[in-house]
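Worksheet for the structure shown next.
The values are calculated or read from the model by the stated rules, or taken from the named source; none is laboratory data. Quantities reported herein were computed from a predicted structural model and do not represent experimental measurements. Cβ sites come from the backbone with ideal geometry, for glycine too, and all protein chains shown count toward neighbours.
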Amino acid sequence: MDIFLQQVINGLVQGAIYAMVALGYTMVYGIMGLINFAHGEVVMIGTLVTITVVTFLLKAGFPVWLAGGMGIVAAASVCMVLGWSLERVAYRPLRGAPRLTPLITAIGMSIVLQNLAMMIWGRNYMTFPSLIEKTQFEIGGAAFTNVQVLIVLVAGLSMGGLLLLVYRTKLGMAMRATAQNPGVAGLMGVNANRVISSAFVIGSVLGALAGVMVGVYYEIAHYQMGFMLGLKAFTAAVLGGIGNLAGAMAGGILLGLIEALGAGYIGDLTGGFLGSHYQDIFAFVVLIFVLMFRPSGLFGEKTGDRA
Amino acid sequence: MRTWFNTLTPRTIFGLTLITVALLALPFVAALGGQAWVRIVNFAILYVFLALGLNIVVGFAGLLDLGYIAFYAVGAYLWALLASPHFGLHLPFWVILPLGAIVACFFGILLGAPTLKLRGDYLAIVTLGFGEIVRIFMNNLNAPINITNGPQGITLIDPVAIGNFKFSTGSTVFGIDISGPQKYYYLLLVLVLAVIAINVRLQHSRIGRAWQAIREDEIAAKAIGINTRNMKLLAFAMGASFGGVAGGIFAAMQGFVSPESFSLIESVMILAMVVLGGMGHIPGVILGAILLTVLPEALRYAVVPVQKALFGAVLADPESLRMLIFGLALVLVMRFKPAGLWPSPDRRRELAEKAR
Amino acid sequence: MAFSRNLSCFPGITLALAASIALIGCGQKEEPKPQAAAPAAVPAPAPAAPPPKPEVTVKLGHVAPMTGPQAHLGKDNENGAKLAVEELNAQALEIGGAKIKFELLVEDDGADPKQGTIVAQKLVDAKVNGVIGHLNSGTTIPASKLYADAGIPQISPSATNPKYTQQGFATAFRVMANDIQQGKVLGEFAAKQGVKTVAIIDDRSAYGQGLADEFKKAAETAGLKVVATEYTNDKATDFKAILTKIKSKKPDMVFYGGMDAQGGPLAKQMKELGLKAKFLGGDGVCTPEFMKLGGPATDGHYCSMPGVPLEKMAKGPAFKEKFVKKYNTEIQLYAPNVYDAVMVMADSMKRANSVEPAKYLPEVGKTSYEGVTAKIEFDEKGDLKGGAISLYQYKAGQLSYVETLGGGVVEAVKEAAQATGEAAKAVAGAAVDAAKEGTKAAAEAVKSTADATKAAVEKK
């Protein structure tokens, strides 16, 4: 039982990270129906910027909380600018172009960002300065740390904040209007360009935050870390029903749990044939099954004939 | 009725002759820059092959497929298993290549069947997952029974051979020295011409028009009596079979296959070729495939000399710069030519209408 | 030949199709020497014919990934090769009556098999006299066929997949123990640590899986019980799920087959989960990077490295000093092996008194060279003979040497020599002298010193 609990904790934390990244995907997708493939790279840049800033400030003798805080602010600002310019450079000129076109620019931007990061930060793996003293807790024989609690909390709060933003503010209303019909929203006085820009900026801030969390948790960063993370998060977003905020959260957590429990138990259940080497498959298999019965994901609305 | 030979004016005959001569001479021209260039040309043709296969699914039928490399992998592994010391089998190529097409075809249907209801981005992620599933299985099927030899890959794969005439090594034919890569070039050329012919015929057939109808509006297509399920499955199967054949040739050319050659990024690159060139337009897709294969390799040769000429020293690491330029090229082309470099006339017209 | 040349200069055709390729093909033609412009039909052994000129340039190809996750190791390899080439040039060697200048052609294969063959073909085209590389087994194996067809000797510093030399190519050599040799020693070592049960993790890369499989065999032969076999991949950052499972099986030791970038975080997460087993890994985790990424969690962990530690070798410390001074960075992993590979190749050329691949290739097989990593001799397949493996333990942020296992007589000599201290110099000295003189004498000298040191040990 303690092992099962431990696996649930493992999956929950991993899932919270997926969820936070997935929120960024879903934010953009919900409004303009576009997969921002470069979002994983935004997360990566967020982590690397934090490392640089925090290491520099710590060396300069700043206290840890201040250095950490400034690191997060710096990462958020850089990612905001990045998200905004991504939209301006790579996506805005392509509105009305064939659907796959922005996908290719996104892939292109992803390659560009990765290589830029490699030129700036080098090819080596980097260690994330420890911002939070890790303390261990135990419940029923399962170990967890304060960092893990923090990650789950931050993910939950991000989703709550986003829901408030989308359903309780004027900007949120404009976003929902633009999502439904950009043309009509424009007639009602909504500046669609501004709304889309702000969606990108908010998504990128979430990405930066996720990047910091990843850094704090794994204490490791690399210029290629964004790709796999982005892919998993994207899977999570689709699983939950892309474009749906609560769906992204649920999808992320579900994906994390599937991976942890799959790696933990399926091997023994199948006599070692499907062990943890198939960990990455479990998520996809579940995804395919879910989509066979609910073609728009768990919480996704029927999109009608939008394809 | 218009047939192809009606259009043969002296000018087109001249043009066709010129192209034929150019295609025949290409490996020798490329060899002037070294046999490495012949190899690059071969890979370019191989990717033309793949891009045309994917074009059937994405371009003709409008189904976004991000796991296309899986079929390539299936073809490559089939060749590797049937023509290497791994199982001690050494079947000839005229058995394996058709078999590869059939097996890949089967995998295509396997992928297509559960995804019939899905659209757009949902389909994209499922196909992506399928590609990864195939790769991961190949990476892990060395236990409990050793089928694929796992991450170690399969070595000493037989080259394509007709009797004792092996394609892997050089020989002299009619007094002309032909190297291994050059022989593969001609083989690939023949195959790719066949694929192009099939593609052109398909596009203008009933099937091709049915796919186009599905691409434009699936519900309307159903309404006018097109069996959308069968047509979609057919698109997946046809596309997959081309991937299977290309994979077989790849295995024979390389003499070694391992799962790392079939990663997700390869699927993405092939999709980029299709979209960059001009989805659904055969010449465009060919152009896209050639450009995206040759560009990174050309940059390998060009980055250092250009920097030396401009700044007198190598400022930036050639390797990262190479991929950086490649990424930028993708963005810029799409930015200024959203329908691809060489879109079909219909597409161009549609876009122009939208812009109005 | 004239046929193709005429075509290339017929403007209509170059314009007609695939313009980019044809143009580059044509442009390239201008660069190489005019006599090389004719297409070499068969990538034939380079006729680097040493005419009675005063200076001959010997081109050595070097291939390693300079992009991708292993780029840091690739750069390290390149540094090792550059250092060796510089030293060789400083020696102003004369081979076959001509002055020799070595030139290094550096290529990137991105650890991708497809790029590996393109790059290999590029080197064959450039008519290199020998190839050092590649770094990964995955690229080394497909490339080795091209080198074999062209008759170009290839020495890989770090490809450890047994298949590389099992293909039967006369041109394929390696200066590093292969996975079978290393996995076996690791298994024996685990048994010697008094552990009863082990859990094995491999990263499903060719290297990690090969090593883990051999370890498993050796461990089971030595009577250990493998209680769990788990897997990850070479891009993973989260290992908690598999570690939790392993924790439930309570092994005494965890064996990891994989690289440092995953090993470091893995060690950290073991500690976080309270998994208090010993940790053992191969050369992939015997790097400064592992320590950097794992932090204090690496304390007490074991890892192995083929060869004998640099400090214990006669020329080792000097090499380390030179390397650090020149590049202002620590040796990552394989740089000493690359250095040795270059030196072995040059040494073979010296003995053959020729730089032509066809002529000096037989001499490579007969090598008996006292390198900075090991005494290098090849068996009939091209594998490193003996293949001693050294084990290390991380202690207080330092790699400390534990012991050397495996290997034949020569390595036994070394171990004994280390024990007796003074004798070490004698052996190394004798071996160096012997290597200089020739072949037979070497073996004898070593044998006699072996007896001497054995006696010394026994006395002690």
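Laid out as a table, the results:
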{"item": "Test result for C:ALA241, assigned to a helix (DSSP H, G or I) and not acidic (Asp, Glu)", "result": "yes"}
{"item": "Selection from region A:198-226 of residues that are within 10 Å of another protein chain (Cβ to nearest Cβ) and within 11 Å of the chain's Cα centre (by Cα)", "result": "A:VAL214"}
{"item": "Set A:LEU239, A:LEU254: member being away from every other protein chain (no Cβ under 11 Å), in a helix (DSSP H, G or I) and not charged (D, E, K, R)", "result": "A:LEU254"}
{"item": "Residues of region C:213-256 that turn out to be within 14 Å of another protein chain (Cβ to nearest Cβ), in contact with a helix residue (DSSP H, G or I) (Cβ under 6 Å, 6 or more places away or on another chain) and touching a residue at least 60 places away in the same chain (Cβ under 8 Å), as a count", "result": "1"}
{"item": "Hits in region B:301-331 - residues which are at the interface with chain A (Cβ under 8 Å from one of its Cβ atoms) and modelled with pLDDT of 80 or more", "result": "B:LEU324, B:PHE326, B:GLY327, B:LEU328, B:ALA329, B:LEU330, B:VAL331"}
{"item": "Failed item, numbered, when B:LEU291 is tested on (1) over 19 Å from B:GLY53 (Cβ atoms); (2) at pLDDT 75 or above; (3) out of contact with any Pro (no Cβ under 6 Å at 6 or more places or on another chain); (4) surrounded by 17 or more Cβ atoms within 10 Å (Cβ to Cβ)", "result": "(1)"}
{"item": "Filter result (buried (at least 24 other Cβ atoms within 10 Å of the Cβ), outside any helix (DSSP H, G or I) and of a type outside the set (A, V, I, L, M)) within region C:127-170", "result": "C:ASN129, C:GLY130, C:GLY133, C:HIS134, C:ASN136, C:PRO153, C:GLN154, C:SER156, C:PRO157, C:SER158, C:THR160, C:ASN161"}
{"item": "Every residue from region C:82-101 that is surrounded by fewer than 19 Cβ atoms within 10 Å (Cβ to Cβ) and either closer than 18 Å to C:TYR339 by Cα or aromatic (Phe, Trp, Tyr) (or both)", "result": "C:GLU86, C:GLU87, C:ASN89, C:ALA90, C:GLN91, C:ALA92, C:LEU93, C:LYS101"}
{"item": "Search result, residues across region A:111-137 that are in contact (Cβ under 8 Å) with a residue 40 or more places away in the chain and among the aromatic types (Phe, Trp, Tyr)", "result": "A:TRP121, A:TYR125, A:PHE128"}
{"item": "Hits in region C:268-312 - residues which are within 23 Å of the chain's Cα centre (by Cα), part of a loop (DSSP other than H, G, I, E, B) and more than 19 Å from C:VAL372 (Cβ to Cβ)", "result": "C:GLY282"}
{"item": "Test: residue in region C:101-122 that is part of a strand (DSSP E or B) and without any contact (Cβ under 8 Å) to a residue 40 or more places away in the chain", "result": "no"}
{"item": "Failed criterion for B:GLY131 (all others in (1) in contact (Cβ under 8 Å) with a residue 12 or more places away in the chain; (2) over 28 Å from B:ASP65 (Cβ atoms); (3) touching a Gly at 6+ places or on another chain (Cβ under 7 Å) hold)", "result": "(2)"}
{"item": "Selection count, region A:69-93, where residues are farther than 26 Å from A:ILE51 by Cβ and surrounded by fewer than 19 Cβ atoms within 10 Å (Cβ to Cβ)", "result": "3"}
{"item": "Residue match in region A:293-305 (condition: at the interface with another protein chain (Cβ under 8 Å from one of its Cβ atoms), surrounded by fewer than 23 Cβ atoms within 10 Å (Cβ to Cβ) and of a type in the set (D, E, K, R))", "result": "yes"}
{"item": "Extreme residue, modelled with the highest pLDDT, among residues of region B:259-273 that are buried (at least 21 other Cβ atoms within 10 Å of the Cβ) and polar (S, T, N, Q)", "result": "B:SER267"}
{"item": "Region B:104-136, residues that are surrounded by fewer than 19 Cβ atoms within 10 Å (Cβ to Cβ), assigned to a helix (DSSP H, G or I) and more than 8 Å from chain A (Cβ to nearest Cβ)", "result": "B:PHE106, B:ILE109, B:LEU110, B:ALA113"}
{"item": "Residue within region A:259-266 that is more than 9 Å from every other protein chain (Cβ to nearest Cβ) and under 30 Å from C:ALA212 (Cα atoms) present", "result": "yes"}
{"item": "Residue among C:SER354, C:SER400 that alone is among the polar types (S, T, N, Q), at pLDDT 70 or above and within 30 Å of C:ASP149 (Cβ to Cβ)", "result": "C:SER354"}
